[in-house]
Number of protein chains: 2
Amino acid sequence: MTVVEERPKQETRARRVRERNRQRILDASIEIFARKGFDGASIAEIAERSGLPKANVYYYFPSKEDIYSTIIDNLIAEWDAALEHIDIDRDPADALAGYIRAKMEFSYKRTAQSKMFANEIVHGGRFLSRANRSHMRAITIEKGKIFEAWARAGKMDRLDPTHVFILLWGSTQFYADFDAMVESMLNTGRLTREQFNVATETIVHIVLKGCGVRSGARPSAGRPNSHGSRASRSVRSA
Amino acid sequence: MTVVEERPKQETRARRVRERNRQRILDASIEIFARKGFDGASIAEIAERSGLPKANVYYYFPSKEDIYSTIIDNLIAEWDAALEHIDIDRDPADALAGYIRAKMEFSYKRTAQSKMFANEIVHGGRFLSRANRSHMRAITIEKGKIFEAWARAGKMDRLDPTHVFILLWGSTQFYADFDAMVESMLNTGRLTREQFNVATETIVHIVLKGCGVRSGARPSAGRPNSHGSRASRSVRSA
DNA sequence: CCAAAACCTGACCAAACCGTCAACTTTTTT
DNA sequence: AAAAAAGTTGACGGTTTGGTCAGGTTTTGG
């Protein structure tokens, strides 16, 4: 509750150490939580991977649950960035394609966090805060209204906006959460950038065309590069 | 295998007991594994829920892993049933819609098993047998060839078949694995049948239209009831 | 320069875990 | 009816777990 006092908070050595160690613990935890889940992960392993003694981990975090929740909260905040693509003033084709690409990029680069979140939801969201829950709901309503407005304007089909949103979320999420299955199906190791692009553009194709989105001017949202997003262009791998 | 010998295998009381107890253990385990994951589930809890002493559980199953794998194996076998919809001789619209509906029905009725499987894959498929892995791959290849044949025949767009398949699998799976999130987004409890139908038909709409499937005769595969699946018909909730 | 604050850590604990086992009862077979 | 097989179970062992704590060192502020 200190409102007036608020010291300048200079960059002292101790503060740097604090930040560095907290981050080390979080980084190690993401990896381990993703691979083993909340119950499967042990603080001892997290400590080892962080290069810190176990007791030191408990100096920075009061409990395993606290580490876990911190990571989940950070992740949800990061996801919001991709959502900004879905803007009512934008061309629906650009907006949807932009969202799918951003979300897929996230699946590619932040696989472990995505898995952690998936794990959490599969287990019923035991550690999801009420704030996060209502945030998710608010987003759904807000973006849903945009879909409905586009439909009213004749820019896309009339579909239940929540389920469209779920399909977007689910299909992009799959490539992070179930990468082991994707790799099995494609008979490959970690997907290459190119394979990921094929996946992305396949989703873009099906979603845009499937939602009856009347495309605006440019094919690819603001970056007219190799892969076009026109619904009619075929998207295949070698 | 055994063709000649095969004793009558009469229905003795002990054999009935065996079957009943094994099933009790499996049923209890599905629930608990789904909610807590492999590491989070304890044999003590499984025993309690089965109404059996812990040592008795170990009489029927050699290890926790064995219970777990048994359930996964059963599940994969059950999933194959839905796949039979994707038949090269069928009308693509009927086939795809049929598969989606069957898969969604499964998500609705076998939520717990689906979650167990999701959990397993998220954790990298630690307990997935080599047989199951290659089975998944074989299915992908087999069904992929059908998609390609349909594309060559001009019955649907040319898309990478694996990614189409993944989108089908992922979007239907979502309603089981992430039901907690779906319920949060829709601000509801367990989804009603009707809500589930809206979800199903939304997916059908987007996939059929998005893949450029030229629909055959009837709108809904063999059951011409309330909700049509024609790509142009709007599918919305109240 | 020194007291206070922040940081570090080896050793420890109670609880929970998976799996075992010997001794028991019940059912099946001969 | 007796031997064999199948089912049942309480008690226990060895290990791992999340978390604590007392006592240490280092850094900071005055």
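The values are calculated or read from the model by the stated rules, or taken from the named source; none is laboratory data. Remember, predicted model here, so these are calculated numbers, not experimental data. We place every Cβ from the backbone using ideal geometry, glycine too, and count neighbours over all the protein chains shown. These area figures cover heavy atoms from the full protein model, side chains too; ligands, DNA and RNA do not enter into them. Shrake-Rupley method; radii C 1.70, N 1.55, O 1.52, S 1.80 Å.
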For peptide B:112-119, the mean count of other chain Cβ atoms within 10 Å per residue Cβ is 3
SASA check, B:LYS54, accessible area w/ 1.4 Å probe, all protein chains in place, rounded to nearest 10 Å², comes out at 110 Å²
Segment A:11-61 accessible area per residue, 1.4 Å probe, protein heavy atoms, integer Å², reads 57 Å²
Once the dipole of segment B:100-186 is set up from charges on Cβ (+1 Lys and Arg, -1 Asp and Glu), the residue from the list B:GLY124, B:SER171, B:MET136 lying farthest towards its positive end is B:MET136
The percentage of the accessible area of segment A:11-61 (probe 1.4 Å, all protein chains present) made up of carbon and sulfur atoms, to the nearest whole number, is 47 percent
For A:LYS115, the lysines lying under 18 Å Cα to Cα, once residues fewer than eight places off in the same chain are dropped, come out as A:LYS36, A:LYS64, A:LYS103, B:LYS36, B:LYS115
What the Cα atoms of segment A:64-169 span along the principal axes, largest first and in whole Å, is 50, 27, 20
Relative to the compact-globule estimate 2.2 N^0.38 Å (N residues), the Cα gyration radius of segment A:70-238 stands at a ratio of 1.05
Low-density loop GluC sites (Glu not before Pro), segment A:26-93, at most 15 other Cβ within 10 Å, DSSP non-H/G/I/E/B, are A:GLU84
With every protein chain kept in place and a 1.4 Å probe, segment A:70-238 has an accessible area per residue in Å² of 39 Å²
For A:ARG18, B:ARG90, the accessible-area ranking with a 1.4 Å probe, largest leading, is A:ARG18, B:ARG90
Buried accessible surface, A vs B, both sides, probe 1.4 Å, in Å² to 100, equals 5500 Å²
The chain A residue whose Cβ lies closest to the rotation axis carrying chain A onto chain B, with that distance rounded to whole Å, is A:GLY210, 1
Dipole check, segment A:11-61, charges on Cβ (K,R +1; D,E -1), about Cα centroid: among A:GLY40, A:SER29, A:ASN56 the Cα furthest to the positive pole belongs to A:ASN56
Binned at 5 Å starting from 0, the alpha-carbon pair-distance distribution of segment B:5-105 in whole percents comes out as 2, 11, 17, 15, 12, 12, 11, 10, 7, 3, 1
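Take every residue in peptide B:197-204, count the Cβ atoms of other chains within 10 Å of its Cβ, and give the average of those counts. Working shown, then result.
Values: counts 0, 4, 5, 1, 3, 11, 7, 1.
Mean number of neighbouring Cβ atoms from other chains: 4.
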Taking the alpha-carbon centre of each part, the distance from segment A:22-71 to segment B:180-217 in Å is 38 Å
Two pseudo-spin positions, 7 Å from Cα along C-beta at B:ASP89 and at A:TYR58, lie apart in nanometres by 6.8 nm
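Using only the Cα atoms of segment B:8-61, construct the convex hull and provide its projected area averaged over every direction, in square nanometres to one decimal.
Its Cα hull, projected and averaged over all orientations, spans 4.0 nm².
Relative to the present Cα-Cα distance, how much length would full extension add between B:PHE127 and B:SER42 at 0.36 nm per residue of separation?
Gain on extension, B:PHE127 to B:SER42, equals 28.9 nm.
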Sorting A:TYR68, B:TYR59, A:TYR58 on solvent-accessible surface, 1.4 Å probe, most exposed first, gives B:TYR59, A:TYR58, A:TYR68
homo-copy label distances at B:THR188 (7 angstrom along Cα-Cβ), nm, one dp, ascending, are 3.8
Once phi for every residue in segment B:195-208 is put through the Karplus expression 6.51 cos²θ - 1.76 cosθ + 1.60 (θ = phi - 60°), the whole-Hz ³J(HN,Hα) values, with Gly and Pro written as x, are 4, 5, 5, 4, 4, 4, 6, 5, 4, 4, 4, 5, 5, 4
